[in-house]
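One structure is given here, and the rest of the page talks about it.
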Amino acid sequence: MARVEHYAAPRGLKEAARRAAERPATVLAGGTDLMPQIRSGKRALAPSLVNLRRIAVLRGIRRDGDGVRLGALTTVTEILGHPLLRQRAAVLVEAADHFASVQLRNMATVGGNLCNASPAGDLIIPLLVLGARLELVSWTGTELATRELPLEDFFVGPGTTRLGPGEILAAIRFPLPPPDFVARFRKFGTRPALDISVVSVGIGGRRRNGTLEQVRVAFGAVAPVPLCGRRTAAAIDGHPLGPDTTAAAVSAAAAEIRPISDVRASAWYRTELIQILTARLLRDVHHEGH
Amino acid sequence: MTVIPKETLIGRRIPKLDAPAKTTGETRYINDLALPGMLHGKILRTDRVHARIVRIDTSAARALPGVHAVITAADTPGVPLGHGRDNPPLKGDRVRTIRDEIAAVAADTEAIAAEALRLIRVEYEDLPAVFSVHEALRPGAPVLHDRHPDNIPFTFDYSHGDLAAGEQASDVVIEDTFKLHYVTHCCMGVSGVIATFDTTGQLTIYSQTQIPFLYKRDIAPVIGVPPDRIRVIQPPLGGGFGSKLDIYPFEPICVFLARVTQRPVRILFTREEEFIASPTRQPVEFTLRSGVKKDGTLMFRDARTLHDNGGYTSWGATTPFVMMQTISSLYRVPHCRYHTTVVYTNNPYAGSFRGYGNLQATFAVESHMDRLAEAVGMDPLALRLKNAQAPGETTPQGMHFITCGLRDCLQTAAERSDFVKKHATNRAGQTGPIRRGIGIASLVHVGGGANIYRTDGCGTILKLDDFAQATVLTGASEIGQGSETVIAQFVAEELGLPLTSIQVVNNDTEITPWDVGVHASRTTFIAGNSALRAARKARTKLLAAAGQQLGADPATLDLRGGHVVDATSGEARLEIGKLIRSLHFAGKHEVVMTTEYYEPPSVMQDREFKGNVSATYAFGTQAIELEVDTETGVVRIQKVTAAHDVGRVINRLGIEGQIEGGVVMGIGYATTEDLMVSEGRVLNPCFRDYKLVTAPEVPEIDTTFLETLDPHGPAGAKGVGEAPAIPTAVAIANALYNATGVRFRELPFTPEKVLRRLREAAEGKP
């Protein structure tokens, strides 16, 4: 294990960004992915370790104009208990409810879950369905710079993102869904509890006269990155919910995923699961409308 | 006048004596032990599956500051260990599996030892490898050990009756091949050992072994220390389940490091190492042919099994010894043949694991009982009852069932689960993706030891101090099975003392008398009988002395609540402590200390594997209800109804835990656990990808204990440590058939495998 030469746990975001820019840095939030990866040798520590955990502005869930802002340090437990999210963004709470164990939920942060960039990351799928955008900050040498990026453009491959050197994810924002918005998340692990996703699916849209509109679909663990199911969404968008639309969505889903075979599942099985979960989610959405 | 009523501890719910320390974190496991000056050992394992070692360069590792010793095979006697004596602790010329030990380091810290391992350079010449029994048996296949050019270290054969006549007389004959996979013990405590020599050369090993006395004998030639110079101390164990029946290379390696450095050395596995370098359950390919008459009478059974031995031979290679008992004797079968071929491969090697082959054998037999029942139009319960053994029978293999609760177990499990009705209703046809099923399966397993050495005994020394504190020195180890508590109960019961007055000492070969070891579900039966008899001798002595002092006939006296009492009225006459003191001080010069060596009434089997190998046998039946999602392959176990012939309940709380733990282990074997081995490598050496059953998946477990009161058992008890894990997987297979009409012949029933099998069956593969 490489030794950390510089350690900082600042209270301000500016200081954190400055430290992260000074020299190659590892950024620590909840540590639930980072620490096991370092221990197992899958990831090396950079010479500098910047601990974000004392930065108050990175915490908290709040209304932000027409949207919701999640500080990057928001824990999974905080998402689970939040009244606004429970009421208006239940799909995110649903995913949090399938996230690991209570102990991990207390430590793991939404920012960490995104930056870890696992194709199986549990919170990524509902945030894609909610149309989330990211607020990324960096130190220019004289001041703090901020840029925004749609979540779906954030991921490059397993464990890699578009975060620049020294750049820090500060917050996640998404528009508050309108009252006719419905969304569902389904995670499939081979064991009911405490399991990593073999695949996951999220579907959301606005319910209008027996159809879904402005549909967003996302798939987890079936491509090198969490995948936006654009073709699947198109197969659903504006079409009457029912067996024909379901069949079209299922075949679009099977066509656009790019699953691999690994110790958790074969590509064949992942394809089977995506199809059955997509069909079941659509059926649930359809039947709730009646 | 104080009257002490007669009370019994037998059958009560007693929290295990070690539970408070374990739950509060007070227990000191081997991980917590540190001797003054102790060094940390680590082992370099190969990354090749089969290769010749050309050169090992340890110079850079030796030069690292903080490293005290680096050893290779060249620094050791090179005496192999294991049941087949084919496994040198450090491999000098050749590696045969990826776990193979090549070098070891002792250093000031674990981190330095790990760093030193990275500095060792090994040059190999790869050899062709074999990864399946079929490849290994092919003519011209690569040979693993020159002593066995056919790659077959062992075969086992058993038979009774006339197979051809049995087949002739059968109306229906079926044959199937079952494939049973790799699983591993997953002890919460990882493997570890500490070795230390004193200045006179006396060796103390802090070991997790389940067999401390045989351990001394077995390790002595490997390390070149005579057994009388070895002391084995057993710290509390974080799980055994059979895995500590063997000696593994890391133990002698630790001794070598301690000898070279003249310092105490500890080796402690990482979890990943535990998955890769600790043993597994035997993977078995099991072909079974069975025949039955139209009326459901079983006529013959012909079993052929292939065992993947891996690269070396552990005790696990002898599991056929147990497997053939289920083939020959779970149900009455007049004609029977059993053949096992144990085959070397370049896969990880298997060891001993709770049930010892019986999970695999029972899987085949009980799958066939269901298939035969269907073939002759009987329900599965009726066919089993028709062929079930009864009390008093001696099976053709020579197993004498003095007590036998099998029929009662079958009937109880069936009635309590409403098996017959549910089984028929489920079969009648279900629609929709979720199907319900119920399945049943039974077991027989040794319950009174297994006479595989020249003795199957256990020694006890019992001493009473002058305040009536009893110390029981027993050879039998506590590995979490609760034997300490049961032994204390027997002694307290005989001596009329509270449980708090009993201390059980069971972890030091310099103090405790000899015992064979913890295996074969033998401890409650053998060590219990031994302790009970030692206590009875002390009781006799106390009552005789009390009779003399009180001028009473000892037969009219009893021991209760720490007092000598009048047996009829319960009137307290004398404190036991006072009685003992009077034996010291009144010129009698006596102490109350007794010894016992209990040898069960069983025999070693003859060369044909016949003979009454155990003093008693445990039986049980489990009925399992489940739901299967036929679109995803997910199996959800809903309820387990278990009925077990346990002889007599001694500690109700303990035995409930034993049964529930076994059932959960069986559910894991069947539905979630899968040690994935590909080309000799373990693909999932972590709990993220090796899936144990977790608490939310544990179904309702309804357990009934059938008390058959075994005449040889302590207070009538039988051993049931292994029994509950045995029939679970096949009961699940039978329930899957009931739910889907598809026969599952390969474990595990993980969702993907279940879905694949359902698709295969839909495409016409039977």
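The values are calculated or read from the model by the stated rules, or taken from the named source; none is laboratory data. For clarity, every value in this text was computed on a predicted model and none was experimentally measured. Please note: Cβ atoms are built from the backbone with ideal geometry, for glycine as well, and neighbour counts cover all protein chains shown.
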Quiz item: For the stretch A:111-137, which residues satisfy the criterion of being under 12 Å from A:VAL91 (Cβ atoms), more than 8 Å from the chain's Cα centre (by Cα) and in a loop (DSSP other than H, G, I, E, B)?
Solution: A:LEU130, A:GLY131, A:ALA132
Practice problem: Could you please tell me which pairs satisfy a Cβ distance under 7 Å, a separation of 6+ or placement on different chains, a first residue in the stretch A:79-99 that is more than 22 Å from A:VAL215 (Cβ to Cβ) and among the charged types (D, E, K, R), and a second residue that is assigned to a helix (DSSP H, G or I) and modelled with pLDDT of 95 or more? | Solution: A:ARG86/A:VAL93; A:ASP97/A:LEU80
Exercise. Determine if the stretch A:275-286 includes at least one residue that is surrounded by fewer than 19 Cβ atoms within 10 Å (Cβ to Cβ), at pLDDT below 95 and in contact with a strand residue (DSSP E or B) (Cβ under 8 Å, 6 or more places away or on another chain).
Key: yes
Quiz item: Does B:GLY561 satisfy being more than 14 Å from chain A (Cβ to nearest Cβ) and either crowded, with 16+ Cβ neighbours inside 10 Å or in contact (Cβ under 8 Å) with a residue 60 or more places away in the chain (or both)?
Solution: yes
Quiz item: Residues of the stretch B:635-645 being within 14 Å of chain A (Cβ to nearest Cβ) and either over 22 Å from B:TYR690 (Cα atoms) or crowded, with 22+ Cβ neighbours inside 10 Å (or both), which ones?
Solution: B:VAL635, B:ILE637, B:GLN638
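Out of B:ASN684, B:ASN651, which single residue is out of contact with any Lys or Arg (no Cβ under 8 Å at 6 or more places or on another chain) and in contact (Cβ under 8 Å) with a residue 60 or more places away in the chain?
Values: B:ASN651 fails: out of contact with any Lys or Arg (no Cβ under 8 Å at 6 or more places or on another chain).
Within the list B:ASN684, B:ASN651, the selection yields B:ASN684.
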Quiz item: Any idea which of A:VAL215, A:VAL182, A:VAL201 is within 14 Å of another protein chain (Cβ to nearest Cβ), assigned to a strand (DSSP E or B), of a type in the set (Val, Ile, Thr) and within 25 Å of A:PHE154 (Cα to Cα)?
Solution: A:VAL201
Quiz prompt | Boolean, A:ILE172 is within 14 Å of another protein chain (Cβ to nearest Cβ), on the phi < 0 side of the Ramachandran plot and among the β-branched types (Val, Ile, Thr) | solution = no
Practice problem: Within the stretch B:57-84, track down each residue that is under 17 Å from B:ALA113 (Cα atoms) and touching a residue at least 60 places away in the same chain (Cβ under 8 Å). | Solution: B:ASP57, B:THR58, B:ALA60, B:HIS68, B:ALA69, B:ILE71
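Taking the residues in the stretch A:17-31 that are touching a Lys or Arg at 6+ places or on another chain (Cβ under 9 Å) and crowded, with 17+ Cβ neighbours inside 10 Å as candidates, determine which candidate is nearest to the other protein chains (Cβ to nearest Cβ).
It comes out as A:GLY30.
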Self-check item: Which listed residue, of A:GLY238, A:GLY242, is free of Cβ contacts under 8 Å to residues at least 40 places away in the same chain and on the phi > 0 side of the Ramachandran plot
Solution: A:GLY238
Quiz prompt | Flag if B:ARG337 is out of contact with any Ser or Thr (no Cβ under 7 Å at 6 or more places or on another chain) and either charged (D, E, K, R) or at positive phi (or both) | solution = no
Quiz prompt | Verdict on B:TYR206 being hydroxyl-bearing (Ser, Thr, Tyr), more than 30 Å from B:PRO334 (Cα to Cα), in contact with a Gly (Cβ under 9 Å, 6 or more places away or on another chain) and touching a residue at least 60 places away in the same chain (Cβ under 8 Å) | solution = yes
Quiz item: Got a sec? Which of B:VAL603, B:VAL646 is over 24 Å from B:CYS187 (Cβ atoms), within 20 Å of the chain's Cα centre (by Cα) and not charged (D, E, K, R)?
Solution: B:VAL646
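Filter the stretch A:81-94 down to the residues that are aliphatic (A, V, I, L, M) and closer than 22 Å to A:VAL217 by Cα and list them by number.
A:LEU85, A:ALA89, A:ALA90, A:VAL91, A:LEU92, A:VAL93
To keep it simple, each residue is scored yes or no on (1) in the same structural domain as B:LEU385 (by TED's automatic domain parsing); (2) of a type outside the set (Lys, Arg); (3) more than 32 Å from the chain's Cα centre (by Cα); (4) within 13 Å of B:LEU381 (Cβ to Cβ).
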site	(1), (2), (3), (4)
B:ARG416	yes, no, no, yes
B:ALA424	yes, yes, yes, yes
B:GLN430	yes, yes, yes, no
B:ILE438	yes, yes, no, yes
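For the stretch B:717-729, does any single residue satisfy the condition of being farther than 21 Å from B:PHE353 by Cα, in a helix (DSSP H, G or I), more than 14 Å from chain A (Cβ to nearest Cβ) and in contact with a Phe, Trp or Tyr (Cβ under 8 Å, 6 or more places away or on another chain)?
No: the stretch B:717-729 contains no residue that is farther than 21 Å from B:PHE353 by Cα, in a helix (DSSP H, G or I), more than 14 Å from chain A (Cβ to nearest Cβ) and in contact with a Phe, Trp or Tyr (Cβ under 8 Å, 6 or more places away or on another chain).
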Exercise. Would you confirm whether any residue within the stretch A:236-249 is surrounded by fewer than 16 Cβ atoms within 10 Å (Cβ to Cβ), closer than 19 Å to A:PRO119 by Cβ, of a type outside the set (Asp, Glu) and not assigned by TED's automatic domain parsing to the domain that holds A:LEU123?
Key: no
Quiz item: What strands (runs of 3 or more DSSP E) lie completely within the stretch A:6-55 and have 2 or more residues being within 28 Å of B:CYS686 (Cβ to Cβ) and not aromatic (Phe, Trp, Tyr)?
Solution: A:25-28, A:48-51
Quiz item: How many residues does the stretch A:148-179 hold that are assigned to a strand (DSSP E or B), aliphatic (A, V, I, L, M) and within 30 Å of B:ARG688 (Cα to Cα)?
Solution: 6
Quiz item: For the stretch B:752-766, what are the residues that are outside any helix (DSSP H, G or I) and either assigned by TED's automatic domain parsing to the domain that holds B:THR671 or not basic (Lys, Arg) (or both)?
Solution: B:GLU763, B:GLY764, B:PRO766
Exercise. Only residues that are closer than 22 Å to B:SER278 by Cβ and either surrounded by fewer than 18 Cβ atoms within 10 Å (Cβ to Cβ) or of a type in the set (A, V, I, L, M) (or both): list them for the stretch B:201-217, please.
Key: B:ILE205, B:ILE211, B:LEU214
Practice problem: Kindly check whether there is at least one residue in the stretch B:738-745 that is farther than 24 Å from B:ALA488 by Cβ and within 14 Å of chain A (Cβ to nearest Cβ). | Solution: no
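Condition first: of a type in the set (S, T, N, Q) and surrounded by fewer than 24 Cβ atoms within 10 Å (Cβ to Cβ). Now tell me which residues in the stretch B:440-477 satisfy that.
Listed by number, the residues that qualify are B:THR455, B:GLN469, B:THR471.
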Quiz item: Taking into account only those residues within the stretch B:646-703 that are surrounded by fewer than 17 Cβ atoms within 10 Å (Cβ to Cβ) and closer than 19 Å to B:ALA723 by Cα, which is farthest from the other protein chains (Cβ to nearest Cβ)?
Solution: B:ARG652
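Based on what the data block shows, is B:LEU626 in contact with a Gly (Cβ under 8 Å, 6 or more places away or on another chain), of a type outside the set (Asp, Glu) and within 14 Å of chain A (Cβ to nearest Cβ)?
Yes: the conditions hold for B:LEU626.
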Self-check item: Tally of residues being crowded, with 21+ Cβ neighbours inside 10 Å and within 12 Å of another protein chain (Cβ to nearest Cβ) across the stretch A:250-274
Solution: 7
